[in-house]
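The values are calculated or read from the model by the stated rules, or taken from the named source; none is laboratory data. Everything numeric in this text was worked out from a predicted model, so none of it was measured. When we count neighbours, we look across all protein chains shown, and the Cβ atoms used for this are built from the backbone with ideal geometry, even at glycine.
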Amino acid sequence: MPEVFLPHGGDPEFPAENTTRNPGRLLLMDGSSGQLIGNYIDMPDGKETYNSPVLHTDKQGDRYMLIGTGGESVPGKVIYTIPLHLHVNI
């Protein structure tokens, strides 16, 4: 079972008018056990994230994970890219 890369977005308990939010986190989990691999990292801009990660392969065959930030009432960044240097089976 492959590892699972996922964003942890924010807290649904915050009312929309409260724009001070906890930062989103990126996590890597073991696909078999569901255990966290390593430590989570906060989103670089400190914003929440609700965007699904997107795997992008460029013309040279290099792969990147694309992540966006922001929420329904909190602006964020369009995309952060994380290069994937390891072989990933999709």
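Data table
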item	result
Qualifying residue in region 21-37 (condition: surrounded by 14 or more Cβ atoms within 10 Å (Cβ to Cβ), in contact (Cβ under 8 Å) with a residue 40 or more places away in the chain, within 17 Å of the chain's Cα centre (by Cα) and closer than 17 Å to residue 82 by Cβ)	yes
Meets criteria (out of contact with any Phe, Trp or Tyr (no Cβ under 7 Å at 6 or more places or on another chain), touching a residue at least 12 places away in the same chain (Cβ under 8 Å) and surrounded by 12 or more Cβ atoms within 10 Å (Cβ to Cβ)) for residue 9	no
Some residue of region 50-70 being more than 30 Å from residue 1 (Cβ to Cβ) and not aliphatic (A, V, I, L, M)	yes
Boolean, residue 7 is modelled with pLDDT under 90 and either assigned to a loop (DSSP other than H, G, I, E, B) or out of contact with any Ser or Thr (no Cβ under 9 Å at 6 or more places or on another chain) (or both)	no
Single residue of region 52-86 satisfying the filter (polar (S, T, N, Q), out of contact with any Phe, Trp or Tyr (no Cβ under 6 Å at 6 or more places or on another chain) and over 14 Å from residue 23 (Cβ atoms)) that is surrounded by the fewest Cβ atoms within 10 Å (Cβ to Cβ)	60
